[in-house]
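Student: Got a structure for you, questions after.
Only the coordinates and a few stated rules stand behind these numbers; no lab work does. Owing to the predicted nature of the structure, the values given are computational and were not obtained by experimental measurement. Heads up, the Cβs are rebuilt from the backbone with ideal geometry, glycines too, and the neighbour counts pull from every protein chain shown.
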Amino acid sequence: MNKYIFILLSFFLVNNTFAQSNQQLREGNRDYKDGDFERAEEQYRRAIQDDPSSLTGTYNLGNAIYEQGRYEEAVKHYSAAEAIAKNDKAKADALHNLGNAYLAQQNLEESVNAYKQALKLNPKDMATKYNLAYALQQMKMQQQQQQQEQQQQQGEESEDSEQSQQQEQQQPQQQPEGDPQGDSEQEEQEEQPVPQDMSREEAEKILQIMEAEDQKVQEKLIKGNSRRVKSDKDW
């Protein structure tokens, strides 16, 4: 008898907890839509306290934190959402937003990796393809800038070396005639390799598609807006 009552009570408490968690998720979603991301964050955190395995709560908490500009913290919640997701679509969405959070931090390598993982799970997702192409383009530009800076630095060092040699030639030689002078050798910097998983041609094709799309869609996707999980999503 006692065991039977205990089971009923436990079942009631679990159901009540989930009902409370769902209510907090709904309130958090309303706050999110209203742009009150701090209040939404509070509601999502409460929902997770009542149901730690809530994918919707974890995922949307990452979105609310992302919207507040705390990208490093958002990474943790998107990673957690990807870990507890039960299907490829949910995992791909979490990885997409993970890539956005890395991209917002200019962590291009991790961003590219996250987008690639998302595309392995959802190959037809054009939004992720857009963002991957953009991240690859930014990585290429970053590498070119680094190479230019290295070349400029080498040029300045070479110029300083020539000026130093000219000054030494103008001054009386301190060493016996015929004694060889030490030459300053410049070490050549190796170019950064372009990621091999996607060729430049493929990236350029995707970029051409991006340019043909509506400008509003580009701004929404390329700037890394996070996707929300709808409250009625059956996760």
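Student: Let's test the formula: R0 of 25 Å, r as the Cβ-Cβ distance of Q145 and Q68. What FRET efficiency results, to the nearest 0.05? Kindly include the intermediate steps, with their values, before the conclusion.
Tutor: Numbers: r = 30 Å, r/R0 = 1.18.
About 0.25, to the nearest 0.05.
Student: Let me ask something additional. Beyond a 21 Å Cα-Cα separation, which of these cross-linked pairs lie in this structure: K33/K89; K89/K120; K33/K120; K76/K116?
Tutor: Over 21 Å apart, Cα to Cα: K33/K89; K33/K120.
Student: With a cap of 12 neighbouring Cβ atoms within 10 Å, and only residues DSSP puts in a loop, list the trypsin sites (Lys or Arg not before Pro) found in the stretch 72-116.
Tutor: Qualifying residues, ordered by number: K86.
Student: Find how much the distance from Q153 to K124 grows on full extension, using 0.36 nm per residue of separation minus their present alpha carbon separation; answer in nm with one decimal.
Tutor: 6.1 nm
Student: May I pose another question? Rounded to the nearest 0.05, what FRET efficiency do I84 and Q138 have when you use their Cβ-Cβ distance and R0 = 41 Å? It would help to have the intermediate numbers written out before the result.
Tutor: On the way: r = 30 Å, r/R0 = 0.74.
So the FRET efficiency works out to roughly 0.85.
Student: How do the peptides 55-62, 68-75 rank, highest first, by the average count of neighbouring beta carbon atoms within 10 Å per residue?
Tutor: 55-62, 68-75
Student: For R30 and E109, what does the FRET efficiency come to when R0 = 45 Å and r is the distance between their Cβ atoms, rounded to the nearest 0.05?
Tutor: It comes out at approximately 0.75.
Student: Net charge near D88: determine it from the other residues with C-beta under 14 Å of the C-beta of D88, scoring Lys and Arg +1 and Asp and Glu -1.
Tutor: So the surrounding residues net to +2.
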